[in-house]
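What follows is one structure encoded as structure tokens, with my remarks underneath.
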Amino acid sequence: MDRLGDDLIKMTLLFRDLADVSEEVRSLLCVWRNDPFISKSMISCDFITEEQHLMWLDSVLKGQSSKVSVVFYEDKPIGMVSIRDIDFVQGHGEWGLYIGERDYIGRGLGSLMVQHIVGWGFSDLGLRRLYTSVLSTNERALAMYIRHGFRVEGCWREHLLRDGKAVDIYWMGMLRSEWAPSRY
């Protein structure tokens, strides 16, 4: 469970657009993404090569359907948030996040990141619906997303294999009309 203690309330996270961070910081995203601790909770846990990472960076920086921000705490990059597959006509996008610096995991920052994503998607981008997927084995994330108002909308049963075991994927969503910005 996330711990939103006094220290966390004093924390200030900065969300910097991918275009506004250094190459060094951009390369951290690949390092974090390839960390088995992170990748085990992702739909695709394949190792990302430097070439694949550079192609992804290029597509994000040149395109309009993905928005990525690097999350900083006290000038230290600690993770990333994204909204991808954005369809401005239909008004929806798929979001994701991860905390790449392990020292910052379990301190309630995930909740702050979800709050940012929801405000970003609904207020800044004007989307009508936000959705994400979470592995059934990622119980902390599932509980956190529900606490923030996301609903389980579907389940792809035994869709992936992790360590030889079949794992479900839950699809979760929230409509702008369900969002309560005042609770943040």
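Quick note: the coordinates plus some simple rules give every number you see, no bench work behind them. Values in this document were obtained by computation on a predicted structure and should not be read as measured data. As a convention, Cβ positions derive from the backbone with ideal geometry for all residues, glycine included, and neighbour counts pool all protein chains shown.
Key figures
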{"read-out": "Value of Rg to Rh for region 20-67 (Rh from inverse mean 1/r over Cα pairs, i.e. Kirkwood)", "value": "0.98"}
{"read-out": "Backbone HN-Hα couplings from phi across region 84-89 [Karplus 6.51/-1.76/1.60, Hz, Gly and Pro as x]", "value": "10, 6, 6, 10, 5, 5"}
{"read-out": "Most fluctuating residue given options V114, V25, V89, as computed from a GNM of the chain linking Cα atoms under 10 Å", "value": "V89"}
{"read-out": "Whole-Å distance, taken between Cα centres, linking region 41-110 and region 149-184", "value": "17 Å"}
{"read-out": "Total lysine pairs under 28 Å (Cα atoms) in the chain, excluding pairs fewer than 8 apart on one chain", "value": "7"}
{"read-out": "Ascending count of other beta-carbon atoms within 10 Å, so fewest first, for S27, S111", "value": "S27, S111"}
{"read-out": "Summed side-chain charge close to S133 - residues other than S133 whose Cβ falls under 12 Å, Lys, Arg +1, Asp, Glu -1", "value": "-3"}
{"read-out": "Label point 7 Å beyond Cα of A166 along Cβ direction - residues of region 132-146 with amide nitrogen under 20 Å", "value": "134-139"}
{"read-out": "Chymotrypsin sites (Phe, Trp or Tyr not before Pro) lying in DSSP loop within region 27-107, provided at most 13 other Cβ fall within 10 Å", "value": "F47, F88"}
{"read-out": "Dipole magnitude of the chain, debye to nearest 20 (Cβ charges: Lys/Arg +1, Asp/Glu -1, about Cα centre)", "value": "640 debye"}
{"read-out": "FRET E, pair E23, V152, Förster distance 45 Å, beta-carbon r, rounded to 0.05", "value": "0.70"}
{"read-out": "Ranked M55, M174, criterion: other C-beta atoms within 10 Å, fewest first", "value": "M55, M174"}
{"read-out": "Neighbour-limited loop hits for GluC sites (Glu not before Pro), region 49-98 (at most 15 other Cβ within 10 Å; DSSP other than H, G, I, E, B)", "value": "E74"}
{"read-out": "Cα gyration tensor shape of the chain, rounded if a/c is under 1.5, else prolate or oblate by comparing a/b with b/c", "value": "rounded"}
